[in-house]
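Each reported figure results from applying straightforward, stated rules to the coordinates on display, with no laboratory input. Quick caveat, the model's predicted, so the values are computed rather than measured. Cβ placement follows ideal geometry from the backbone for every residue including glycine, while neighbour counts extend to all protein chains displayed.
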Amino acid sequence: MNTSTLTAFYAIADIAATKWYLAKCCYVRRTWAQAADERKRRDGAMTFRAPNFDHPRGYIAFLFTIANVEGGIKRAELAKLFNIRSVSLMTDTLEYAGLISLDREYTHKFTITPFGRAYLALAELARPNLKALKDAKQTLKAAATL
């Protein structure tokens with residue numbers, strides 16, 4: 001297991017989660033350190049540490065789709081691709097985390113940010129490690145129920 005890749009992925013995932021927390025949950029001005037600490041303790045806080053690569057409508061699938069469309073993609077096009085009525089919750093979550101951005105002035109299209117590209121690249125490199133950790137957790141759960 002390549003721990004340096006996994007550590008780098010977890011670092012960038014924690015940055016995304018803290019950005020999300022600052023944008024979504026902090027009604028009072030917080031420093032970065034305060035927000036990171038509060039996010040870790042809060043039960044409902046978003047985490048980007050364990051992307052589900054198998055989920056057809058998960059946030060990682062949205063990121064890969066937005067990254068692969070040259071010039072950006074509109075909400076209606078995303079909804080049609082994923083065969084769902086509304087993509088607002090997912091796109092807002094990804095935008096709060098700083099992984100995608102919306103051109104609100106001209107095209108109204110979502111594009112992936114450089115930070116989002118870094119997250120995707122590290123997620124792809126860490127995919128085997130993340131799968132091994134997920135399998136190990138499932139094995140521990142199964143052993144605990146016996």
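Residue pairs whose Cβ atoms lie under 7 Å apart, separated by 6 or more positions or on different chains, with the first residue in the stretch 54-66 and in a helix (DSSP H, G or I) and the second of a type in the set (S, T, N, Q) and surrounded by 18 or more Cβ atoms within 10 Å (Cβ to Cβ), are 59/93. Quick check, is residue 90 within 17 Å of the chain's Cα centre (by Cα), hydrophobic (A, V, I, L, M, F, W, C), buried (at least 16 other Cβ atoms within 10 Å of the Cβ) and not in a helix (DSSP H, G or I)? Against the criterion (within 17 Å of the chain's Cα centre (by Cα), hydrophobic (A, V, I, L, M, F, W, C), buried (at least 16 other Cβ atoms within 10 Å of the Cβ) and not in a helix (DSSP H, G or I)), residue 90 does not qualify. For the stretch 50-72, a residue qualifies if it is buried (at least 16 other Cβ atoms within 10 Å of the Cβ) and either small (Gly, Ala, Ser) or under 10 Å from the mean Cα position of the chain (by Cα) (or both), and the qualifying residues are 51, 59, 60, 61, 62, 63, 67, 72.
Would you confirm whether or not the stretch 31-44 contains a residue that is surrounded by 17 or more Cβ atoms within 10 Å (Cβ to Cβ) and of a type in the set (D, E, K, R)? Within the stretch 31-44, one or more residues are surrounded by 17 or more Cβ atoms within 10 Å (Cβ to Cβ) and of a type in the set (D, E, K, R). Please count how many residues of the stretch 81-102 are hydroxyl-bearing (Ser, Thr, Tyr) and touching an Asp or Glu at 6+ places or on another chain (Cβ under 7 Å). Adding up the residues that qualify gives 1.
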